[in-house]
């Protein structure tokens with residue numbers, strides 16, 4: 001296993017993403033709470049590379065609404081782009 005594959009496997013393990021299945025019901029999900037930005041695009045691509053779905057959430061929603069969306073989607077991780085959006089804090 002080369003260094004890139006090892007790093008990718010370690011990241012996938014840390015994120016607890018399930019891999020190896022193309023069906024939407026078995027793929028892991030990650031919530032990205034962010035305004036439209038380059039950081040959001042990078043997160044979407046990174047999650048996609050990990051063979052998972054990205055659930056994008058508007059940071060202007062209430063904390064309760066964000067939590068409900070995360071719970072309903074089954075997202076295993078949540079990313080907040082606080083440097084890009086004051087509302088994501």
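What number of residues in segment 42-56 are outside any loop (DSSP other than H, G, I, E, B) and closer than 23 Å to residue 68 by Cα? Break it down stepwise before answering.
Kept after step one, since they are outside any loop (DSSP other than H, G, I, E, B), are these residues of segment 42-56: 42-49, 53-56.
Now narrow it down to the ones that are closer than 23 Å to residue 68 by Cα: 43-44, 47-48, 53-56.
Summing the residues that are outside any loop (DSSP other than H, G, I, E, B) and closer than 23 Å to residue 68 by Cα in segment 42-56 gives 8.
Show the residue pairs that are 6+ apart or on different chains and have beta-carbon atoms under 9 Å apart, the first residue being within segment 57-81 and free of Cβ contacts under 8 Å to residues at least 60 places away in the same chain, the second being surrounded by fewer than 12 Cβ atoms within 10 Å (Cβ to Cβ).
59/86; 59/89; 80/89
Does segment 48-77 hold any residues that are in contact with a helix residue (DSSP H, G or I) (Cβ under 6 Å, 6 or more places away or on another chain) and surrounded by 14 or more Cβ atoms within 10 Å (Cβ to Cβ), and which are they?
Going through segment 48-77, the residues in contact with a helix residue (DSSP H, G or I) (Cβ under 6 Å, 6 or more places away or on another chain) turn out to be 50, 54-55, 57, 59-60, 77.
Passing the criteria: 50, 54, 55, 57, 59, 77.
Which residues, counting only those in segment 62-89, are part of a loop (DSSP other than H, G, I, E, B) and closer than 24 Å to residue 27 by Cβ?
Correct list: 74, 75, 76, 81.
Considering segment 52-73 alone, what residues qualify as being over 11 Å from the mean Cα position of the chain (by Cα) and modelled with pLDDT under 90?
If the condition is that a residue be over 11 Å from the mean Cα position of the chain (by Cα) and modelled with pLDDT under 90, then no residue fits.
Condition (residue is modelled with pLDDT of 85 or more, surrounded by fewer than 17 Cβ atoms within 10 Å (Cβ to Cβ), farther than 22 Å from residue 7 by Cβ and in contact with a helix residue (DSSP H, G or I) (Cβ under 9 Å, 6 or more places away or on another chain)) applied to segment 32-47: is it met by at least one residue?
Yes, there is a match, as at least one residue in segment 32-47 is modelled with pLDDT of 85 or more, surrounded by fewer than 17 Cβ atoms within 10 Å (Cβ to Cβ), farther than 22 Å from residue 7 by Cβ and in contact with a helix residue (DSSP H, G or I) (Cβ under 9 Å, 6 or more places away or on another chain).
The values are calculated or read from the model by the stated rules, or taken from the named source; none is laboratory data. Computed from a prediction, not measured in an experiment: that's the story for all the values here. Neighbour counts run over all protein chains shown; Cβ positions are idealised from the backbone, glycine included.
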